[in-house]
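Please read the structure below before turning to the comments.
Readers should treat all values here as calculations from the given coordinates under stated rules, not as data from a laboratory. From a predicted model like this one, the values you see are computed outputs, not experimental measurements. Cβ placement follows ideal geometry from the backbone for every residue including glycine, while neighbour counts extend to all protein chains displayed.
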Amino acid sequence: MHEVFTSRPATAADYDVYARLLPELGVDDPTLPREAWAVDLMPHTLILERGGDIAGYAYVVALKETGYVRHVVVAPEARGKGGGRALLRASAERFRAAGCSRWCLNVKVGNVVAIALYSSVGMTRNYASTAMRLGWNVLSRLPGGEQGIMARRVEPHEDAALEAAFGLPLGTIALNRARAGAVLLRLVDAARPDEARLGIACFHPSYPGSFPFRVARPTLARPLLEAVRAHAPPEQDVTHVVVEDDAETKRALVEAGALVRVEILNMGGPIPERV
């Protein structure tokens with residue numbers, strides 16, 4: 001029989017829960033400082049409890065129409081007892097209350113247990129992504145840029161057009177803009193200034209990394225990364241990108257020397273009435 005779990009919104013006192021359980025995701029993302037977590041993650045975090053003990057947490061973001069499940073972490077001592085489904089149930093309730101009708105998440109390709117859980121609530125595969133790490137020296141080995149392409153910051157009135165052009169959930173860019181220190185960049189073609197589908201990077205210098213990072217073709221990765229580099233702290237000689245649904249750009253980056261950190265599946269679907 002599965003255990004009885006309860007969930008609640010995170011408070012500032014739950015930072016240690018996040019710091020302790022983040023490594024259970026199996027990725028090498030850095031732990032945010034307490035102050036940054038309180039501003040950027042805490043308002044979107046649900047804490048799972050079982051019998052008064054911490055059993056896990058979920059970091060979930062309600063966008064305009066889509067709920068994005070960013071972290072689902074069950075404490076090792078609580079696994080196999082229904083904690084993952086309880087976190088999904090709590091996430092679905094929050095998303096429905098925010099007016100979302102669909103949800104999505106990323107999962108490591110090899111995490112068969114998690115994939116089975118997400119499939120059981122109606123999620124299906126959307127596309128494959130790759131989280132990568134690269135040194136700035138990789139830029140010189142990428143295919144050359146294109147004439148007339150320049151990078152500049154994204155203006156708020158451009159968000160919807162860029163999200164539509166790259167298939168991003170509505171509200172993605174605004175969410176990233178709200179994070180402290182974020183730099184939102186887009187590519188523009190001088191000959192076709194109204195063309196939205198060229199490139200976009202939401203760069204977070206504190207990580208440092210870009211997600212989303214989207215380009216229309218591999219030859220645009222270099223000018224976009226060069227623009228990102230101008231905003232990177234000078235002491236950091238590497239950056240991270242998540243290449244989504246783009247095998248050609250992934251191949252170009254790997255051939256130039258980028259390292260693959262993890263292969264990911266994006267899954268999603270309608271939020272069911274019962275989880």
Once the Cα gyration tensor of the range 84-220 is diagonalised, semi-axes √(5λ) in Å: 31, 19, 14
Per residue, the convex hull volume that the Cα atoms of the chain enclose (Å³): 124
Residue among Ala178, Ala114, Ala256 with the largest mean-square fluctuation in a Gaussian network model of the chain, springs linking Cα atoms under 10 Å: Ala178
For the range 1-133, the fraction of alpha-carbon pairs in successive 5 Å shells from zero, as %: 2, 10, 20, 23, 22, 16, 6, 1, 0
Cα gyration tensor, the range 158-265 - rounded (a/c under 1.5), prolate or oblate: rounded
Amide hydrogen neighbours beyond the local backbone of Trp103, cut-off 5 Å, H modeled: Gly67, Gly269, Ile271
Extension gain, Ala174 back to Ala161 (0.36 nm per residue minus Cα-Cα distance, nm): 3.4 nm
Label-reachable residues, the range 83-101, where backbone N falls under 20 Å from a point 7 Å from Val113's Cα toward its Cβ: 83-91
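Mean shadow of the range 140-191, computed from the convex hull of its alpha carbons, in nm²?
Seen from a random direction, the Cα hull of the range 140-191 projects 4.9 nm² on average.
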